Amino acid sequence: LLSLLEGALNISEYTDKVDVSRSMSGFNFGFWSFSSFGRGRDDDRKDQVIQRELNEVFSLVSGLFTATDFLRGKKLVANNFSENCEFFQTVFEVGRRFKIMNPDKMRDTYGKLMHLLQDAVKPSNCSFEVITPIKTAYRLLK
């Protein structure tokens, strides 16, 4: 799951597209306003850009999982993202736990993950909870 997350974050242009959206900065950077799905417009609101890019990241994670395990991935992509909330929670929790235990790893993708999770916490941006408590030995023994 960690390699899926790192692969999706490496591919994703989440922070590039969300940070330069027009309503946040007051101006547009031309080609940076376009989404990879071709739906980027100059009049997109910040929330619309965030929702579109979150869906793109969830699609990337689902697609990479399907490529690694076709049978389980087929079941995953048959449902919508909110029905697979436990899968996404597990993927993001594994990434966060790995970074805590290995501070020198994920230097280039962890910031993108944090921006993504901060935006996904807002209920208007994401229809399900993406953050779950990190599994620790303390919680296990508690």
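The values are calculated or read from the model by the stated rules, or taken from the named source; none is laboratory data. The structure presented is a predicted model; accordingly, all values stated were derived computationally and were not measured. Virtual Cβ from ideal backbone geometry, glycine too; neighbours counted across all protein chains shown. Heavy atoms of the whole protein, side chains included, go into the accessibility calculation; ligands, DNA and RNA do not. Shrake-Rupley method; radii C 1.70, N 1.55, O 1.52, S 1.80 Å.
For the range 103-142, which positions are hydroxyl-bearing (S, T, Y) and free of Cβ contacts under 8 Å to residues at least 60 places away in the same chain?
Y110, S127, T132, T136, Y138
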Exercise. Can you tell me which residue in the range 56-109 is nearest to A120 (Cα to Cα), limited to those that are open to solvent by 40 Å² or more (accessible area, probe 1.4 Å) and of a type in the set (S, T, N, Q)?
Worked result: S82
Seminar exercise, completed: Selection from the range 70-105 of residues part of a loop (DSSP other than H, G, I, E, B) and at pLDDT 90 or above yields N102, P103, D104, K105
For this session: Please name all residue pairs, on different chains or six or more residues apart, with Cβ atoms under 8 Å, provided the first residue is in the range 61-83 and is under 19 Å from L2 (Cα atoms) and the second residue is at pLDDT below 90 and β-branched (V, I, T).
Result: S62/V77; G63/V77; T66/V77
Exercise. Quick one: what pairs do we get from the range 1-30, first residue among the aromatic types (F, W, Y), second assigned to a helix (DSSP H, G or I) and modelled with pLDDT of 80 or more, C-beta under 7 Å, 6+ apart or different chains?
Worked result: Y14/E53; Y14/V57; Y14/K112; Y14/H115; Y14/L116
